[in-house]
1. Using a simple spin-label model with points 7 Å from Cα along the Cα→Cβ vector, what separation in nm is obtained for Ser69 and Thr136?
2. Would you mind calculating the gained length between Ile162 and Ala48 on full extension (0.36 nm times residue separation, minus the Cα-Cα distance), in nm to one decimal?
3. Output the peptides 153-159, 3-9 sorted from most to least packed, where packing is the average of other Cβ atoms within 10 Å over each peptide's residues.
4. Using 7 Å Cα-to-Cβ label points, what is the Thr8/Val40 separation (nm, one decimal)?
Amino acid sequence: MVQSLGVTLGVIVGGGWAWYRFLVQRASETALSIDLVITVAPLTGSHASLVFVDTVLQNSGNRRLIASSRRPALPSEQRSNGASYVGESFPHALGLSVRRVTPKDGTLAISWESYGVKTRHDMDRDLSLLELYERTGQPFWLEPGEIIHFGEPFLLDQGHYIARVTFVGKRRGELWRRTDRFQVPVVTPENDAH
């Protein structure tokens, strides 16, 4: 009698704990923090600057986060934060886009569809930060609490720029984005002297 009461009490407490973890703490949900650290270094004898974009990913959830291995457009869906991504396609599971901000008719125009940024690969394109994984067929994942850096250098002329990182996860609806701005200053002889 005491033993079966103990087992019953254990099942109730265990069930309550599971309910608390999965519904209240959302232990079954994935979470990702994305940070962009951008450094700009003017190059001596050049009108361009070396720009380094360090993308920092941290799995801030309680479960493994796996990058998508396919690149179709996401179906129309409403994210919990209210953002809607309707039929937008993502060419890379972890993509980096850098775009120059240009004035147009009194407003600022940023075109994510134009490929006008030269990369170290000397190509106009969005970059896959998981290129090594994609070429070798290896899956990419982050364990809970894991932090990883992906760095990409750019050679850019003076101006204002926007950098955007997009991560598409394997599970339905897993999409995270981070956007930041930076400026490449005009390189003058005074700046060149340092």
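Bear in mind that the values in this text are calculations on the coordinates, not laboratory data. Please read all numbers here as calculations on a predicted model, not as lab measurements. When we count neighbours, we look across all protein chains shown, and the Cβ atoms used for this are built from the backbone with ideal geometry, even at glycine.
1. Placing both labels 7 Å along Cα→Cβ, they lie 1.5 nm apart.
2. Between Ile162 and Ala48, full extension yields 39.4 nm more.
3. Details: 153-159: 16.1, 3-9: 9.1.
So the peptides 153-159, 3-9, ranked by packing, come out 153-159, 3-9.
4. Distance between label points: 7.1 nm.
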